[in-house]
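In what follows, a structure is listed as structure tokens, so that the remarks can point back to it.
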Amino acid sequence: MVPCSPFSGIPNHPESDGRVPRSGVHHEYFIRFLPRGDARRGPRVRGDPAAGRAARRRVRLPRRARARLPRLHRVRPARRRAAPRAPRAARGRCFGNPHSENPTSSASTALVERARAAVLAHFNASPDEYAVVFTPNATGACRLVGEAYPFRRGSRLVLTADNHNSVNGIREYARARGARVAYLPVRPPELRVGDDDMRAALSRGRGLLAYPAQSNFTGVQHPLGWIGLAHERGYDVLLDAAAFAPANRLDLSAVRPDFVPVSWYKVFGYPTGVGCLLARRSALRRLRRPWFAGGTIQAVSALGGWHVLASDETAFEDGTLNFLAIPDVTFGVEWVDGIGLDLIHRRVSRLTAWTLERLRSLRHGDGTPMIRVYGPSTAEGRGGTIAFNVLDPRGEVVDERVVARDTSAAGISIRTGCFCNPGAGEGAFRIERRTLRSRALRRPMRDLDAYLGVLGLPSGGAVRASFGLVSNEADVDRLIALLADTYRDRTPREQALHPRERC
């Protein structure tokens, strides 16, 4: 869950004076922990009596859980602090394409550069060492690296099997240029990549290592120490931080990956359509873009057939930036930093540990487990993402579409499917490599169900629950209660399910 947009008061809003509004539809909230035993009740939520009652409703937790998990006892308006003042032209509430020097363009440029500085500060990255390239999303950041990285015959792309498809897709650029692609498998039961496997893979050749700081499937957090190891072996490193950044501190003065894709809506919920690539300036200089576009060049000739790219990060920002949304990143980053990323991390970790414990406790009447969790069974070395399947009384997997149907009817938002991470799914369901290399799987089929039939899989994926900034004990309570009430000692009906069209 994420909060409603708290950014209506940012300097670039048409009706804003550059300060946080004191009232209105949007509010910004932060998590505040009180000492155990504090009996103060929840707040009144202005303008919505029902919401106020819901906020004050107490959730009764088991005594053991109360002893281990700090209560989210109070949600209150954040301390009112003026947002950074915009330049004089910005306070005129008129903005334009940054690729000029007129007043509206200069106002946009100033806000974009302020956002770059805020991002660097958030990751403790020196502007002398790192640049911020704004992209439409984390996928766009991965594509920038893939299309421009100097793959060649004899170089290598090393990928963990546990990777989002936006990282997996880089292999197509590598193969097209003659580079070799190597995958490192995940090992059960925790679905981690072994250190020995990584060392062996990096002992051969040179090239690019790409892996996630945190799995978007299992929540596994892979070692950041691999970055230094890869550099010692002559590899550049792309560290996918899209799932890691929302609840974990990534200090780029301590670990120095060459490329870091980030998605900002995953961090604080808004704006969508804005991501970035944090890149070491030395690594950016080694990239060779296959094309150029408006805003990326220093000079160009149509008849002469030549062009010279800009010498800074703008060489990778194609066309007009989303200059009305990028300033929201500044506000959002400062908002999260004001709450405290370490506090968010502790909260998410404890909620995750408690949820794992409660999922393990769910049993059918005969004592058989109701839940199969994929990945680590404790909160050690993992983030706030839990992938699991529901099991019926016979121990068979309940179709994930059934769980999606039932949770949606209860107003609970979870994710189902393969989560754009086929390698982690193949490891979770223990599919043999020779099965995956079957020629029958390489041809187009009518839908995903046809592929599942060839593979002999009982389900099209798993169920994923993810915790973030505003998740609380009540969210966990509702999910566990629904699972227990709906599936204990029952085989749910599977009629009228929509076909799976794609992964």
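The values are calculated or read from the model by the stated rules, or taken from the named source; none is laboratory data. Please read all numbers here as calculations on a predicted model, not as lab measurements. When we count neighbours, we look across all protein chains shown, and the Cβ atoms used for this are built from the backbone with ideal geometry, even at glycine. Keep in mind that these areas ignore ligands, DNA and RNA; they rest on the heavy atoms of the full protein, side chains included. Shrake-Rupley method; radii C 1.70, N 1.55, O 1.52, S 1.80 Å.
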List, in order, the whole-Hz ³J(HN,Hα) value for each residue of the stretch 147-158 obtained from phi through the Karplus relation with A = 6.51, B = -1.76, C = 1.60 and θ = phi - 60°; use x for Gly and Pro. 6, 10, 5, x, 5, 7, 4, x, 8, 10, 10, 9
Once His164, His498 are ranked on solvent-accessible area with the largest value leading and a 1.4 Å probe, the list reads His498, His164
Rounded to a whole number of µm²/s, how large is the Stokes-Einstein D of the stretch 278-319 at 10 °C and 1.306 mPa s, given Rh as the Kirkwood radius over C-alpha pairs? 146 µm²/s
For the stretch 194-229 and the stretch 343-385, what is the separation of their Cα centres, given in Å? 25 Å
For the stretch 274-288, Karplus couplings with θ = phi - 60° (6.51, -1.76, 1.60), whole Hz, Gly/Pro x: 9, x, 7, 10, 8, 9, 5, 4, 5, 6, 4, 5, 7, 6, 10
Taking 0.36 nm per residue of separation and subtracting the Cα-Cα distance, what length does fully extending Ile297 through Ser126 add? 59.1 nm
Contour minus end-to-end for Ala254 and Arg206, with contour as 0.36 nm per residue of separation and end-to-end as the Cα-Cα distance? 15.0 nm
Provide the per residue accessible area, probe 1.4 Å, for the stretch 136-231, rounded to a whole number of square angstrom. 38 Å²
Report, to the nearest whole %, how much of the accessible area of the stretch 265-311 belongs to carbon and sulfur atoms, 1.4 Å probe, protein only. 56 percent
Can you tell me which of 237-243, 183-189 comes out highest on packing, and rank the rest after it, using the mean Cβ neighbours within 10 Å? 237-243, 183-189
What's the carbon and sulfur percent of the stretch 157-262's accessible surface, probe 1.4 angstrom, rounded to a whole number? 47 percent
If you take the C-alpha gyration tensor of the stretch 352-491, multiply each eigenvalue by 5 and take the square root, what semi-axes do you get, largest first, in whole Å? 27, 17, 15
³J(HN,Hα), Karplus 6.51/-1.76/1.60, whole Hz, each residue of the stretch 251-267, x for Gly, Pro: 9, 7, 8, 9, 10, 10, x, 7, 9, 9, x, 9, 10, 7, 5, 6, 7
Mind running the shape call on the stretch 308-431? Use the C-alpha gyration tensor, a ≥ b ≥ c as the square roots of the eigenvalues: rounded below 1.5 for a/c, prolate if a/b tops b/c, oblate otherwise. prolate
Using a simple spin-label model with points 7 Å from Cα along the Cα→Cβ vector, what separation in nm is obtained for Ser311 and Arg372? 5.9 nm
Counting only heavy atoms of protein chains, what accessible area per residue, in Å², does the stretch 367-461 have with a probe of 1.4 Å? 49 Å²
Signed unit charges on C-beta, dipole axis of the stretch 346-457, positive-most listed residue Thr416, Val348, Asn389: Val348
Would you mind checking which residues have amide H under 5 Å from Arg363's amide H? H placed 1.01 Å from N; only 5 or more apart, or other chain. Met370
Gap separating the Cα centres of the stretch 109-167 and the stretch 466-496, nearest whole Å: 36 Å
Normalized C-alpha radius of gyration of the stretch 197-304, against 2.2 N^0.38 Å? 1.28
Solvent-accessible area of Cys503, probe 1.4 Å, all protein chains present, reported in Å² to the nearest ten, please. 80 Å²
Keeping the other protein chains in place, figure out the carbon and sulfur percent of the accessible area of the stretch 348-452, with a 1.4 Å probe. 46 percent
Pseudo-spin-label distance Arg187 to Arg289, built 7 Å along Cα→Cβ, given in nm, is 4.3 nm
Modelled FRET efficiency - R0 35 Å, Arg281 with Asn165, Cβ distances, 0.05 increments: 0.80
Per the stretch 409-503, sqrt(5λ) over the Cα gyration tensor eigenvalues, sorted largest first, in Å, gives 30, 17, 13
Solvent-accessible area of Phe123 with every protein chain in place, 1.4 Å probe, in Å² to the nearest 10: 10 Å²
Sorting Glu494, Glu232, Glu313 on solvent-accessible surface, 1.4 Å probe, most exposed first, gives Glu232, Glu494, Glu313
